[in-house]
């Protein structure tokens, strides 16, 4: 069959898949329909923009208008491995008699339909942040980016909690000052000095612990819980147990609020799932259609 008749007078290009055959063995080549296309993936919701190149070959057989190609009927072809023209050696099977310009147009429509059904890009979406991954961005990289985005508000909330804890420590310090004025001790002035030194040192120590805790807390998708402080068991001087209990309460409350804040933000980081993008008809651009001669089983 004259290939020029397939396009109503315009030539259709022929390609072949090179095949090196053993000496004395003739390779048979069968014709297949070959398409190259570019697909523009444009998604308004996610802002995703990307272009994909597709090269496929299909067997040539009679088709009806309502026929559909399935995924296994198309073969991926590397354009770099395809040579122009017909094979220099080997035996060519004849083109099917039913292959005409109308049939080629029908197969072209089937190929576009095939691409619309099976072409898909899968990216990642974080519901809580309304953030989508970029082309080629892995789930791990996307997770890190979401953590960075959420980290700014997390640190701001964390600083706010730190200020609240500092104010509560200051309230404990002022309360201790007021109570120490009227506190009578059997040990006299020496015990009073020791007691004042103890609670001042204790407040300073707890303040440093809390500051260090807020400073070292980092947002991550998963991580260890914030541990509670160890309770104190001995109080050698009167009035110290109450002071320690107040300070311990402030520290425990700070740790609990940090843990609550961490869990809230971690939950936001975990709201990530897969988001699929499919092309519309206008996004598929057929680059060329050719007859591709494919080598069949070697025959003596």
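Points worth noting:
- When peptides 83-89, 12-18, 171-177 are sorted by average Cβ neighbour count within 10 Å, with the highest value leading, the order is 12-18, 171-177, 83-89.
- The peptide list 149-158, 59-68, put in order of mean Cβ contacts within 10 Å with the highest first, becomes 149-158, 59-68.
- Reducing the stretch 255-300 and the stretch 102-119 to their Cα centroids gives an inter-centroid distance of 22 Å.
- Extension reserve of the residue 65-residue 105 stretch, reckoned as 0.36 nm per residue once the Cα distance is removed: 13.3 nm
- Approximate spin-label separation residue 177-residue 273, in nm, with each point projected 7 Å along Cα-to-Cβ: 5.6
- Pair residue 280, residue 253: separation of 7 Å Cα→Cβ label points (nm): 5.7
- In terms of surrounding Cβ atoms within a 10 Å radius of their Cβ, 206, 25, 82 rank from fewest to most as 25, 82, 206.
- Residue separation of residue 263 and residue 148 scaled by 0.36 nm, minus their Cα-Cα distance, works out to 39.8 nm of gained length.
- Order of 269, 139 under a 10 Å beta carbon neighbour criterion, fewest first: 139, 269
- Residues residue 45 and residue 122, FRET efficiency given R0 of 22 Å [Cβ-Cβ distance, rounded to 0.05]: 0.90
Read the figures in this text as sums done on the coordinates, not as results from a lab. Note that the structure is a prediction, hence the values are computed from the model and not measured. Ideal geometry is used to build each Cβ from the backbone, glycine not excepted, and the neighbour counts take in all protein chains shown.
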